[in-house]
Amino acid sequence: MPDILFHYERVNPSSWAYLSSLLMLALFFKFNRIWSLRNIDLFLLIALAPGLLLVQYSFENVSAENALPIQKLGFIWLFVAELLLMLRMLMDPALLRRPLLDPNLNTPGLLFLGGSLLFFLMANVVFGKPSAADLSPAQQTASAAEEAEQTTSTEQALTNDTPTDPVTADAATEATEEVADEVANEVASPDTFSTAAPGFSLLYRLPRITTQTVIRQGQQGERPSAELPEAQRVAQATARVMAILSHFLIVVGLIVIGIRHFENPAAGVATATMYLMLPYTALFTGSVAHALPASLLVWAVVLYRRPTLAGMMIGMAAGTIYYPAFLIPLWCSYYWARGVKRFITGMLVTLAVLVITQAATAESWGQFLIHVRLMFGIRLPIEEAEGVWQFWSFWYRMPILAAFVALAFSFTVWPMRKNLGSLICCSAALMLGAQFWHAQGGGLYIAWFLPLVLLAIFRPNLSDTIAARMVPEGWWQLRLRRLNSQAEKQAT
């Protein structure tokens, strides 16, 4: 980025948290209605930043004595803030009076600001570099295997060029076999993904591109520059492209929802601008595991009038990170009056495609079964917990999980008359609830619910957007109606 903009330096996350919070208040705070719900929502969103900064500082300063206490405090802060947001989302269906509160800046100004933020955030993804801590276990082992293979081939070339005696040759052979065994063990262990959260196995092979650090790289020491193996270069390029595309789809999806479903372009642009402005987005811009599921959930809302396409988006999200699978009862209940079969069909087709992809990329039948179990969450990660659950007992998660499952299935009967507004806020509440029992960094995956929360904050009254009215009939229903009408005409 400094090659393009003269003396450009990235803003420190702590500084950006202060600046973005003040900018959000200037743009969206209703100074003429101090006690409005919009102002409370703004402070709830701003409350996420301190917890994120505490956790990020502990990740970057692992060697410090107070790193773990700071990390624990950060996750507890996030849990409290997300619990308040979850309660806010559960209350949202009852809030029928929703006055139009436009931002303090007009739509062209917000569009210009959002476009500028998107440019700088995506530039950080392009020029960012993943650190060793950002590589997944599978990536680290794949890198080690490739480096070991290159080392072995170099040693063999040197051995062929120089005369060797039998003793030296035997020793070299034994050493090569030991290295090969170690590499094989290291490569085999990540295929179990014992430390990975449930989801699509290929997703965990992508690194997270670091876009911002609390501690400056100069203080940590510069990493020696070395040519990366081919596999790492491909993985990093794939991660960059997928992260940029995911954020672009999120922004476009939010604007489309504002224009088509809210019938208020200003609300869509304001939602997208606030998403890009939040400190979390700048901190985790390069994480595909955060942005990709968020884009799928946003486009499920965009395509809610097409049950088949919406089902494909929910199925893709569920197959990618598993947790959106708990949205299925809610969405099936919404489409129950019309479109539930098309929704389930689209979801099952997408899941089948993901399973076929797992079979095509697996190296053995056993590895395929492990990856399928990982995708559908058929395991209990008792060990290797991360985040706040490394400090608490695993068994405390059980009542939280039971309450979460009960909440997910309760949405089949509540609210009784579901509309697009209740669909958005209840989906956000479920993705918020998933953070509390997520064993691998629960609380950090804010992108899974953030766009939905913003849509719930800016949405108008959508009480008339029920499935029976908004979802068109399927081709089979249209065919039956046509046949019935023809039969009636012939009878008369």
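The values are calculated or read from the model by the stated rules, or taken from the named source; none is laboratory data. Note that this is a predicted model, so its numbers are computed, not measured. Cβ coordinates were reconstructed from backbone atoms using ideal geometry, including for glycine residues, and neighbour counts include every protein chain displayed.
Quick check, is Ala337 of a type in the set (A, V, I, L, M, F, W, C) and either in a loop (DSSP other than H, G, I, E, B) or in contact with a His (Cβ under 7 Å, 6 or more places away or on another chain) (or both)? It is true that Ala337 is of a type in the set (A, V, I, L, M, F, W, C) and either in a loop (DSSP other than H, G, I, E, B) or in contact with a His (Cβ under 7 Å, 6 or more places away or on another chain) (or both). Each residue in the range 374-395 was checked for being in contact with a helix residue (DSSP H, G or I) (Cβ under 8 Å, 6 or more places away or on another chain) and part of a helix (DSSP H, G or I), and 5 of them qualify.
Can you say whether Ala272 is small (Gly, Ala, Ser), more than 17 Å from the chain's Cα centre (by Cα) and surrounded by 24 or more Cβ atoms within 10 Å (Cβ to Cβ), as far as the supplied structure shows? In short, no. For the range 206-218, taking the residues that are surrounded by fewer than 21 Cβ atoms within 10 Å (Cβ to Cβ) and not in a loop (DSSP other than H, G, I, E, B), the one that is modelled with the highest pLDDT is identified as Gln217.
Look at (1) in the same structural domain as Ser463 (by TED's automatic domain parsing); (2) in a loop (DSSP other than H, G, I, E, B) and you find that Tyr8 fails only one, number (1).
Right, Ile356: outside any loop (DSSP other than H, G, I, E, B) and within 24 Å of the chain's Cα centre (by Cα) or not? Here the answer is yes, as Ile356 does meet what is asked. In the condition set (1) surrounded by 24 or more Cβ atoms within 10 Å (Cβ to Cβ); (2) small (Gly, Ala, Ser); (3) more than 25 Å from Trp437 (Cα to Cα), Ala337 is compliant with all but (1). Here Val288, Val355, Val349, Val301 are screened, and the one residue that is assigned by TED's automatic domain parsing to the domain that holds Ile257, at pLDDT below 95 and either surrounded by fewer than 21 Cβ atoms within 10 Å (Cβ to Cβ) or within 18 Å of Leu254 (Cβ to Cβ) (or both) is Val355. Check whether at least one residue in the range 427-436 is in contact with a Lys or Arg (Cβ under 9 Å, 6 or more places away or on another chain), within 23 Å of Pro399 (Cβ to Cβ) and surrounded by fewer than 24 Cβ atoms within 10 Å (Cβ to Cβ), and report yes or no. The answer is yes; a qualifying residue exists.
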